[in-house]
Amino acid sequence: MSIEDRIQQVERSIEAACLRSGRRREEIGIVAVTKYVSLERTKEAFRSGLRHLGENRWQDAEAKWRALDEDTREAAAEVKPVWHFIGSLQSRKAKDVVGKFDYIHSLDRLSLAEAIHKQAARLGTQVPCFIQVNVSGEESKHGIKPSELPTFLGELGAYPSIKPVGLMTMAPYEMEAEATRPVFRGLRELRDEARASGAAGEDFIHLSMGMSGDFEIAIEEGATWIRLGSILVGKEEDEQ
Ligand SMILES: *Cc1c(COP(=O)(O)O)cnc(C)c1O
């Protein structure tokens, strides 16, 4: 299936989920996760109008990042890709990512916050970050515990080059889509509590949640960014 066809199909599902939950389509952004596909397919995705691109490892993302950066610079393009780093990030890799990725979705510890802050301060920039929360409680998942959020937000105050823009979570993979609902609802309630208590500021509005298998439920529960890989840009084997 072409990327255009995939986009249309996903759009229909997003619109249906919006209709079911009384939300507006504009409230939801799509991060097209290109980690499974080639540079060519990544370029095709961008040309097809998928402006927000997501990768989870710098080693794999670097060639794509550089190629698209060069293309858009050569063409003096007005529309540039917006890069989202969605994978777990080692502190020593923060210097590779900061300044190139526009958002980091996986802030899950203070040592990483410090590394991001240092590099951002060096570059004179501020990095919008999502705090990753392990709502499901699975041991294999990254993220702080929900109960740690208020303290973590307070401690982030020491790193002013980090701008906390919201929360990110992943639901257990093997779950039926419907079973993910409490995970997504939990993340939304956590954001709402953090805002209501004053632990988080005005900019703390986003919920990065929902992947190919569960984005419709995530939208119904308030997602503002969904991260779509296989359903939207496909996997390498679909390219043939
Ligand atoms: C791979 C990945 C995605 C996209 O996965 P699909 O199920 O293919 O949509 C989303 N978020 C994160 C953090 C990922 O690592």
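The values are calculated or read from the model by the stated rules, or taken from the named source; none is laboratory data. Note that this is a predicted model, so its numbers are computed, not measured. Here the Cβ is made from the backbone with ideal geometry for all residues, glycine too, and neighbour counts use every protein chain on show. Side chains are part of the model used for accessible areas, which takes the heavy atoms of the whole protein and leaves out ligands, DNA and RNA. Shrake-Rupley method; radii C 1.70, N 1.55, O 1.52, S 1.80 Å.
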Ala158 fails exactly one of (1) closer than 29 Å to Lys35 by Cα; (2) away from the ligand (no atom under 16 Å from the Cβ); (3) of a type outside the set (Ser, Thr, Tyr), namely (1)
On the basis of being touching a residue at least 40 places away in the same chain (Cβ under 8 Å), more than 16 Å from the ligand (Cβ to nearest atom) and closer than 29 Å to Val37 by Cα, does Glu220 make the cut? yes
For the range 129-147: of the residues being in a loop (DSSP other than H, G, I, E, B) and small (Gly, Ala, Ser), which is least open to solvent (accessible area, probe 1.4 Å)? Gly143
Looking only at the range 54-72, which residues are farther than 17 Å from Ile86 by Cβ and polar (S, T, N, Q)? Thr72
Check off (1) in contact with a Ser or Thr (Cβ under 7 Å, 6 or more places away or on another chain); (2) more than 13 Å from the ligand (Cβ to nearest atom); (3) polar (S, T, N, Q) for Gln132 and give me the number that stays unchecked. (2)
When the range 112-128 is examined, which residues are found to be open to solvent by 50 Å² or more (accessible area, probe 1.4 Å) and not β-branched (Val, Ile, Thr)? Glu114, Lys118, Ala121, Arg122, Leu123, Gly124, Gln126
Qualifying residue in the range 69-91 (condition: open to solvent by 30 Å² or more (accessible area, probe 1.4 Å), of a type in the set (A, V, I, L, M, F, W, C) and either in contact (Cβ under 8 Å) with a residue 60 or more places away in the chain or in contact with a helix residue (DSSP H, G or I) (Cβ under 7 Å, 6 or more places away or on another chain) (or both)): no
Flag if Gly213 is more than 9 Å from the ligand (Cβ to nearest atom), out of contact with any strand residue (DSSP E or B) (no Cβ under 8 Å at 6 or more places or on another chain) and not charged (D, E, K, R): no
